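Below is one structure; the comments refer to it alone.
The values are calculated or read from the model by the stated rules, or taken from the named source; none is laboratory data. Quantities reported herein were computed from a predicted structural model and do not represent experimental measurements. Methodologically, a virtual Cβ is constructed for each residue, glycine included, from the backbone with ideal geometry; neighbour enumeration extends over all protein chains shown. These area figures cover heavy atoms from the full protein model, side chains too; ligands, DNA and RNA do not enter into them. Shrake-Rupley method; radii C 1.70, N 1.55, O 1.52, S 1.80 Å.
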Amino acid sequence: MSEHEIHLAGGEIDTHFHALHIQNREVDVAGLLRQCMASGLQACIDVGTSETDIEDRYQLLSGIPGVYFAHGLYPSNADREDGDSALQVLEEALALPRTVALGEIGIDRYRDYATPELQRELLLHQVELANRHSLPVIIHNRDAEDELLSAFAECAPTCESVMHCYSGPVSFVPRFLDLGFSFSFGGNVTFKNAPTVREAMQAVPLDRLMLETDAPYLAPHPRRGRTNHPGLIGYTYDLVAGQRGIARDVLVASATENAKRVFGI
Ligand SMILES: [Zn+2]
């Protein structure tokens, strides 16, 4: 596994990654995660995108201490004919060990997986499910701030929840904060051509700010373009601490405290 660089100072939490998607790139992800843990990663949350991935993810990861799970139906599931049975399988999975959230779920108007109406319907079913099980939700948002706020006006998460990999306009940050959301920023906050993501990051109070990889996607600068993994999250901590003008260990302490509070880990 030595070909995988680990850049951690110790204590970091990665609130969002996709183990199976890393594995699809021919990586021994279980071995890599054990190496990350041994190098100081405190915890990481493997996030699902369909009820069909749950069994494989447990088989791969349940033996690794520090790995937690979120299960959910990504917007691409919104036009499935078997939506009701998918939701039923999802609900049963929420009782599985180390399940800390429902996600990722949301609305994606960039890819237009299904009509915005169908995406909204699937989202609201799952918010209601999360509320019933007292779990936070992890929200995927692509160009859908207005649609999300309108959906949450009908049914808002009752637990403190997360806007994941936020890249929307800074003007919406206060609206989601008011709804009780925390924000998690991914490797794209480090990209030279992403000043608006940094602007949004600066608008989030420290006690509502978390960091993630969304691995294998969005590897942070200076590793942009590579296969991302939780061991590279240190680069994102480096940049965000520098941008906010705070010590790195202060950022690690607050971001991990926030993650523990939101996800109950
Ligand atoms: Zn994701």
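Details
- Qualifying position, being within 28 Å of Pro116 (Cβ to Cβ) and either touching a helix residue (DSSP H, G or I) at 6+ places or on another chain (Cβ under 6 Å) or open to solvent by less than 50 Å² (accessible area, probe 1.4 Å) (or both), among Leu90, Leu61: Leu90
- When Ser150, Ser134, Ser184 are screened for being within 21 Å of Ala219 (Cβ to Cβ) and either surrounded by 15 or more Cβ atoms within 10 Å (Cβ to Cβ) or out of contact with any strand residue (DSSP E or B) (no Cβ under 9 Å at 6 or more places or on another chain) (or both), only Ser184 passes.
- Within region 123-146, tally of residues that are more than 16 Å from the ligand (Cβ to nearest atom) and either farther than 16 Å from Tyr74 by Cα or among the aliphatic types (A, V, I, L, M) (or both): 11
- Pairs where the first residue, in region 97-121, is away from the ligand (no atom under 16 Å from the Cβ) and modelled with pLDDT under 95 and the second is open to solvent by less than 50 Å² (accessible area, probe 1.4 Å) and not in a helix (DSSP H, G or I), C-beta under 8 Å, 6+ apart: Arg109/Ala144; Ala114/Ala78; Thr115/Ala78; Pro116/Ile107; Pro116/Ala144
Residue-by-condition table, conditions (1) at pLDDT 95 or above; (2) of a type in the set (A, V, I, L, M, F, W, C); (3) farther than 17 Å from Leu149 by Cβ:
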residue	(1), (2), (3)
Val173	yes, yes, no
Phe176	yes, yes, no
Gly180	yes, no, no
Asn193	yes, no, yes
Val197	yes, yes, yes
Asp207	yes, no, yes
Leu211	yes, yes, yes
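- Qualifying position, being away from the ligand (no atom under 16 Å from the Cβ), surrounded by 21 or more Cβ atoms within 10 Å (Cβ to Cβ) and within 24 Å of Lys260 (Cα to Cα), among Val240, Val189: Val240
- Pairs meeting the criteria (first residue in region 1-25 and modelled with pLDDT of 95 or more, second residue in a strand (DSSP E or B) and more than 16 Å from the ligand (Cβ to nearest atom), beta carbons under 9 Å, at least 6 apart or on different chains) are Glu12/Ala43; Ile13/Ala43; Asp14/Ala43; Thr15/Ala43.
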